[in-house]
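Input: a single structure, listed below in structure tokens.
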């Protein structure tokens with residue numbers, strides 16, 4: 001089984017800075033650990049050997065569920081929940097609830113499975 005991808009300290013700090021958050025106000029080590037644990041869990045789900053035996057449609061649905069860590073989940077579950085209590089988490093929570101991060105690109109995204117890329121190419125060829 002392949003090694004789970006991880007986001008670096010610099011990548012996490014960049015995500016916080018992009019949201020106009022000062023990484024120094026947050027438990028960066030805790031956020032990194034929580035984010036990378038989440039990514040590792042998703043990677044494990046995607047790498048299960050059994051998944052390769054599923055139909056392309058089931059595999060695609062599985063990828064849709066576990067193939068990316070949404071920005072809104074990152075800010076709510078990894079940043080706010082990690083804290084610390086002294087961080088400006090209430091302002092961030094208000095921004096999350098207002099939907100600010102709903103349209104942001106995912107914080108992490110797995111490589112799209114080959115079967116989907118091949119399937120899409122085949123379908124495109126059939127329509128010609």
From the options 98, 60, 110, 71, residue that is more than 24 Å from residue 7 (Cβ to Cβ), at pLDDT 90 or above and surrounded by 14 or more Cβ atoms within 10 Å (Cβ to Cβ) | 60
Filtering segment 1-42 down to residues that are at pLDDT below 95 and within 12 Å of the chain's Cα centre (by Cα) yields 5
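One line per residue, one yes/no per condition, for (1) assigned to a helix (DSSP H, G or I); (2) without any contact (Cβ under 8 Å) to a residue 12 or more places away in the chain; (3) crowded, with 17+ Cβ neighbours inside 10 Å:
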residue	(1), (2), (3)
13	yes, no, yes
17	yes, yes, no
35	yes, no, yes
42	yes, no, yes
45	yes, no, no
50	yes, yes, no
78	yes, no, yes
86	no, no, no
90	yes, yes, no
May I ask you to verify whether residue 31 is surrounded by 12 or more Cβ atoms within 10 Å (Cβ to Cβ), in contact (Cβ under 8 Å) with a residue 40 or more places away in the chain and in a helix (DSSP H, G or I)?
-> yes
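The values are calculated or read from the model by the stated rules, or taken from the named source; none is laboratory data. Predicted model only: the values in this text are computed from it and were never measured. Cβ coordinates were reconstructed from backbone atoms using ideal geometry, including for glycine residues, and neighbour counts include every protein chain displayed.
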